[in-house]
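What follows draws every value from the coordinates through simple rules; no lab data is involved. Note that this is a predicted model, so its numbers are computed, not measured. Using ideal geometry, Cβ is built from the backbone for each residue, glycine included, and neighbour counts are taken over all protein chains shown.
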Amino acid sequence: MDTSVWLIPLDDLEPDACAIQLGAVACLELAPGQDDFVGDPLRMALAGLAEQARRPYVIEAGGQAVGVLTLQSGAARLAGWTDDDSAWLLRGFLIDRRQQGKGLGSLAAAAAVEAAAKLSVRRGTPEAGVVLSVNERNPAGLAAYHRAGFVDYGAYLGGSSGPQRTMFRRFLPVNSRKGIA
Ligand SMILES: CC(C)(COP(=O)(O)OP(=O)(O)OC[C@H]1O[C@@H](n2cnc3c(N)ncnc32)[C@H](O)[C@@H]1OP(=O)(O)O)[C@@H](O)C(=O)NCCC(=O)NCCS
């Protein structure tokens with residue numbers, strides 16, 4: 001498989017194209033035990049489409065849907081950040097179990113930061129980067145975010161599935177973001 005990933009913003013699609021993507025999202029699968037770390041992909045995509053502050057994306061690689069993620073504005077404290085508005089929240093992030101371990105999660109997390117930076121420029125909003133929380137029992141998540149340039153900002157004890165780490169990646173300065181804005 002080609003190792004590029006593309007983020008398809010569901011709320012920019014025509015209804016027919018969106019329905020096709022949602023059909024593919026419904027076929028995504030987690031490995032046993034991974035539902036401790038993330039919700040049902042279709043439900044998250046639909047919740048993303050229903051809420052204005054959320055931007056749900058399908059992660060595509062090699063011409064097929066391999067995962068989902070959502071960027072949300074005004075909600076960074078849900079990941080243990082100090083305020084809601086200075087970072088995008090990355091949530092609902094998963095790669096289909098059959099596609100895991102190929103580097104796609106790391107690439108998609110980095111692509112999410114680029115997409116968020118573009119959104120902030122386009123909207124003129126104050127986010128300086130992307131924040132998320134990841135369970136301490138989730139080595140694949142921790143490693144994927146680390147590889148994508150996220151930095152550990154410490155423990156976060158919110159949420160219902162045990163201790164988390166708050167991880168943040170700052171946007172590149174505007175003048176070094178060639179091709180992003
Ligand atoms: C977390 C997740 C998105 C990572 O996606 P992925 O495509 O498998 O990640 P990558 O292939 O890019 O691997 C990233 C790193 O994780 C490591 N990794 C992958 N699976 C692992 C595992 N089961 N245990 C330990 N490390 C693992 C890889 O070796 C790689 O490390 P490296 O950069 O040091 O080589 C994917 O495992 C997933 O969807 N998990 C279930 C949902 C979830 O946990 N989402 C995150 C919620 S915060």
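Points worth noting:
- The chain: calculated mean residue ellipticity at 222 nm from DSSP helix runs of at least 4, using -39500 (n - 2.57): -9000 deg cm²/dmol
- All C-alpha to C-alpha distances of segment 1-45, sorted into 5 Å bins beginning at zero, yield P(r) values of 5, 18, 22, 23, 19, 12, 3 percent in whole numbers.
- Dipole magnitude of the chain about its Cα centre (Cβ charges: Lys, Arg +1; Asp, Glu -1), debye to nearest 20: 540 debye
- Quarter of the Cα convex hull surface for segment 6-176, i.e. its orientation-mean projected area (nm²): 9.6 nm²
- Cα shape, segment 15-67, gyration tensor, a/c 1.5 rule: oblate
- Segment 105-179: trypsin sites (Lys or Arg not before Pro) falling in loop per DSSP and having at most 12 other Cβ within 10 Å: 178
- Total formal charge among the other residues, if their Cβ is under 10 angstrom from that of residue 138, Lys/Arg +1 and Asp/Glu -1: 0
- Computed E for residue 26/residue 125 - FRET, C-beta separation, R0 25 angstrom, nearest 0.05: 0.20
- Alpha-carbon geometry of segment 31-132: the Rg and the Dmax are 13.5, 41 Å, given in that order.
- Selected from 129, 141, 33 as most flexible by GNM, with the chain as the system and alpha-carbon contacts under 10 Å: 33
- Separation of the residue 43 and residue 6 label points, Cα + 7 Å toward Cβ, nm: 3.0 nm
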